[in-house]
Amino acid sequence: MRYAILSDIHGNLEALEASLERLNSEKIDAYISPGDIVGYGADPSGCIKIVRSLDPTASVAGNHDQAVVGSFDPAGFNEYAKAAVLWTRSVLSAAELEYLKSLPLVKEGKVFSVVHGSLEDPQEFNYILNRADAARSMRHMATPLLFVGHSHVPAIYGHEGSPKRIVNAGSVGQPRDGDPRASFVIYDDSTGDVSIVRVEYDIEKARKKIIDAGLPEFLGDRLRGGL
Ligand code: ZN
């Protein structure tokens, strides 16, 4: 099976569509969503609709998904993220909010597990940003492979002498590693290969939609630098 892992889409329809267009040529059998389908971008409904249509093998809740439906306190969010939470809540339908509310914090399979932030306290949405953070989650891994998102920086962590790997898929809709292209991962469970893929998309269109929607201009501008 070949999986596409699409994380931190954040309501960016242009980035999501460009990613799926690229995946058309990749013979993908199944999809995984490590969370934050919404928040920041101007098309939360469109992105929820597409993710649901992909019928993901695993779809877990991100902190923004939970903040929008009132399951996570966004007190620690910056002002831009808070504004996006309120705006997103106001434009989603009851059914869309219900979908976000239904997402579990962790999904455990036979070979891989999925969580948005980290495994030691999934509801705290801690970040895995270095080897020490990765080691903490590894202690809780019941599977050899863990897919995460949250940091918006793609990365692969291993541990010497251990078959365990943690793969951060990066962010489809708001990359923060200085590369503004959408980021996602392709995983082939027959070979174990994990590849990080970057795809160009219409950043100016996504930026304009954010500004036209009355969302903070900064959320549009940051897409240009991928920061
Ligand atoms: Zn995110």
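The values are calculated or read from the model by the stated rules, or taken from the named source; none is laboratory data. Not measured: the values here are computed from a predicted model. With ideal geometry, Cβ positions are generated from the backbone for all residues, glycine too; neighbour counts draw on all protein chains shown. Just so you know, the surface numbers come from the protein's heavy atoms only, side chains and all, with ligands and any DNA or RNA stripped out. Shrake-Rupley method; radii C 1.70, N 1.55, O 1.52, S 1.80 Å.
Among the numbered conditions (1) surrounded by fewer than 20 Cβ atoms within 10 Å (Cβ to Cβ); (2) not in a loop (DSSP other than H, G, I, E, B), tell me where residue 28 comes up short. Among (1) surrounded by fewer than 20 Cβ atoms within 10 Å (Cβ to Cβ); (2) not in a loop (DSSP other than H, G, I, E, B), residue 28 violates only (2). Across the stretch 193-203, the qualifying residues are those that are outside any strand (DSSP E or B) and in contact (Cβ under 8 Å) with a residue 24 or more places away in the chain, and the one among them that is most open to solvent (accessible area, probe 1.4 Å) is 200.
Picking from residues in the stretch 31-56 that are more than 15 Å from the ligand (Cβ to nearest atom) and small (Gly, Ala, Ser), the one that is surrounded by the fewest Cβ atoms within 10 Å (Cβ to Cβ) is 53. Taking the criterion of being open to solvent by 20 Å² or more (accessible area, probe 1.4 Å), among the β-branched types (Val, Ile, Thr) and within 14 Å of the chain's Cα centre (by Cα), the only residue of the stretch 122-158 that qualifies is 153. Filter the stretch 57-82 for residues that are away from the ligand (no atom under 15 Å from the Cβ) and more than 13 Å from the chain's Cα centre (by Cα); which is least open to solvent (accessible area, probe 1.4 Å)? This residue is 69. Listed by first and then second residue, the pairs linking a residue in the stretch 56-75 that is touching a residue at least 24 places away in the same chain (Cβ under 8 Å) and more than 10 Å from residue 125 (Cβ to Cβ) to a residue that is open to solvent by 30 Å² or more (accessible area, probe 1.4 Å) and in a loop (DSSP other than H, G, I, E, B), with Cβ atoms under 6 Å apart and 6 or more places separating them unless they lie on different chains, are 60/104.
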